[in-house]
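Following: one structure in structure tokens, then a few remarks.
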Amino acid sequence: MGDVIDVLVAGGGPAGLATAIHAALAGLEVVVVEPRSSPVDKACGEGLMPSGVAALRAMGVEPYGRPLHGIEYLDSRRRARATFSPGTGAGVGLGVRRTVLHAALSRRAADLGVTTVTGRITAARQDEKGVEAQLTRPPAGDLQAHRGEETRSREEWRTGGGMRARWLVAADGLHSPLREALGLALPYAGQRRYGLRRHYEIAPWTDFVEVHWSGTGEAYVTPVGDDLVGVAVLSSRRCGFDEHLAAFPDLRARLDAPPATPVRGAGPMRQRVRARVAGRVLLVGDAAGYTDALTGEGISLAVLSAKALVGCLTKGRPADYERAWRRLSLAHRLLTGALLHAARRPGTASLVVPAAHHLPALFTGAVRALS
């Protein structure tokens, strides 16, 4: 197996890279294993809450994007708007392309000496001192391996079949194979929701994230560039993007521009997890459990959870991470769960925007609690 590293991260998305960056900043040796080439794209709303922007900045990561000042709910008759903070100088979110965010995180990780290996962790076995992870890799000619500090040779990565680490962090996504292998996934029998996302080459018309509500789902509009807007649709109804968009005629009329990217999909969203810690394996990001993308703070929560995870490791108290994760995600789980319950039925979904419109203080309080 070779030398024992401190932290092995399965998955090089935002959660995995944030974990790697925090680990490197704490003086730990860390290796990220990721099967996809950088930058990695994914179907998501691409809006960062102010807490997520601040957390990234503290890590030395400042991706280019469009400032976001709050959330606006709309239906065919009403709208409700809530700012992230009372003033405009603080508490600003960011609309940023997923590929731009991933590239910025990758650069920061490399600058800190994080090693990234192209491959996939397919199995892991742990004992009281560490974890042995089995890797599968692409053919030798396609292998990509890069690092900030040359602590291992390229030939060692090419020929070795596994690695040993003190800790393994599963950041391998919504349908985490490691979570499944550890027996941490719980069944979910409720209504399943899916997401689709596409970009349009058009100048943003707002500096808020717009959430358009209908009886069949929600559409999220996020400015991510000077001439680029992302539109993500969430629904339990399985159909094409254009068919979903037909449920939002006012939004569809605004999108008088050619699509700039193909449609990407994700789901089902809801993922129930028994625990975030299993011995020397810890779960972060979507792998740690997911309620829904409805309130839009998934990336912010992943980045904040990554910091908490590494803090628990450096203190020698990994079991504390479960409590830290529950504390960080509490507002998200409660508010997202309540909105998701309303969104499941057309009758109650139609009441969300009127309620936000008539109870602006409550709506603003909820948005700021999440931000």
Report summary line: Cross-link reach from Lys129 to lysines, straight Cα distance under 30 Å and at least 8 residues apart if same chain, gives Lys307, Lys315
**Report entry** Inter-probe distance in nm under a simple model that places probes 7 Å from Cα toward Cβ, at Asp320 and Arg79
**Finding:** 4.6
Report summary line: Taking every other residue with Cβ under 11 Å from the Cβ of Pro318 and scoring Lys and Arg +1, Asp and Glu -1, one gets +3
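For every other residue with a beta carbon closer than 9 angstrom to the beta carbon of Thr222, add +1 if it is Lys or Arg and -1 if Asp or Glu, then tell me the sum.
-1
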**Report entry** segment 182-259: chymotrypsin sites (Phe, Trp or Tyr not before Pro) in DSSP coil with no more than 13 other Cβ atoms inside 10 Å
**Finding:** Tyr188, Trp205
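What accessible area per residue comes out for the chain, rounded to a whole number of Å², with a 1.4 Å probe?
Value for the chain: 43 Å² per residue.
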Report task. Give me the percent of the accessible area of the chain that comes from carbon and sulfur atoms, probe 1.4 Å, all protein chains in place. Result -> 52
Report task. Would you mind checking the tilt of helix 14-25 against the longest principal axis of the Cα atoms of the chain, expressed as 0 to 90 degrees and rounded to 10? Result -> 50
Query raised in the report: Asp127 to His341: extension gain in nm, 0.36 nm per residue of separation minus the Cα-Cα distance?
Result: 72.9 nm
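The values are calculated or read from the model by the stated rules, or taken from the named source; none is laboratory data. What you see is a predicted model, and the numbers here were worked out from it, not measured in a lab. Glycine also receives a Cβ, built like all others from the backbone with ideal geometry; neighbour counts cover every protein chain displayed. The protein model used for the area step is the full one, side chains on, heavy atoms only, and it has no ligands, DNA or RNA in it. Shrake-Rupley method; radii C 1.70, N 1.55, O 1.52, S 1.80 Å.
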